[in-house]
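The values are calculated or read from the model by the stated rules, or taken from the named source; none is laboratory data. Predicted, not measured: the structure shown is a model, and the values here were computed from it. Side chains are part of the model used for accessible areas, which takes the heavy atoms of the whole protein and leaves out ligands, DNA and RNA. Shrake-Rupley method; radii C 1.70, N 1.55, O 1.52, S 1.80 Å.
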Amino acid sequence: AGIMETIQRISQFDSTILISGESGTGKSMLAKFIHQSSRRSGSPFITINCATIPEHLIESELFGYVAGAFTGPQSKGKQGMVEQAHKGTLFLDEIGLLPLNLQSKFLQLIQDKTYTPVGGVKSRQADIRIISATNLDLKDQITKNLFREDLYYRLRVIEMHMPPLRERPDALEPMIQHFLGQL
């Protein structure tokens, strides 16, 4: 009940949340649950996995681009994930792999709630809550100059750690019951 009460409490605030833990511990499920428990639950929950999108596409996927920013079939412009998450939650999975050159733009998004689409000159407002997750030690990434320290502190206004299942034997019985019920 302790974790559930904590989630209910933090869901009511728009603070950024950083969820850490090993791969497979349920960080994305926790982020979805926080969103569903929040006042933003009726709005979109948009996930971007910083590890799976090629570096040269992350900026346009996140912030979109204006008409004419690219040539060819992409010339019409495109809405980015930040805009798609309007009034909802933007979940950044594997935030530790966000390229260093994009981290300053992301810092602006968190601090000012504004962003500029690729090829655009006017910044746009963003009404979103940001939840991010990582399986990396971000403090170690900072010492290696791979992650901005100021971004780290902005992301972890609230920090949650998801321990692996091997450290949570009390979570096994409800899971077993759930899966037995499904079978």
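Between V157, V82, V121, the GNM of the chain built on Cα springs shorter than 10 angstrom shows V121 fluctuating the most. Extension gain for the segment T116 to E149, taken as residue separation times 0.36 nm less the Cα-Cα distance, is 9.6 nm to one decimal.
From the square roots a ≥ b ≥ c of the eigenvalues of the alpha-carbon gyration tensor of segment 80-183, which class results: rounded (a/c under 1.5), prolate (a/b over b/c), or oblate?
Values: a/c = 3.07, a/b = 1.67, b/c = 1.84.
Because a/c hits 1.5 or more and a/b fails to exceed b/c, segment 80-183 counts as oblate.
Put simply, the Cα atoms of segment 85-126 extend 28, 25, 17 Å along their principal axes, the longest span coming first. Computed over protein heavy atoms with a 1.4 Å probe, the carbon and sulfur contribution to the accessible area of segment 41-167 reaches 49%.
A straight Cα-to-Cα reach below 18 Å connects K105 with the aspartates and glutamates E55, E59, E61, E83, D93, E94, D127, E149, D150, residues fewer than 8 places away in its own chain not being considered. Can you pick out the pairs among K32/K139; K27/K122; K78/K122 whose Cα atoms lie more than 23 Å from each other? Too far apart for the 23 Å limit: K32/K139; K27/K122.
For the chain, the longest principal axis of the Cα atoms and the long axis of helix 2-11 meet at an angle of about 20 degrees.
So with the 1.4 Å probe, I'd like the accessible area per residue for segment 53-136, rounded to whole Å². If you can, show how the numbers build up before the last one.
Numbers: 3890 Å² over 84 residues.
That works out to 46 Å² per residue.
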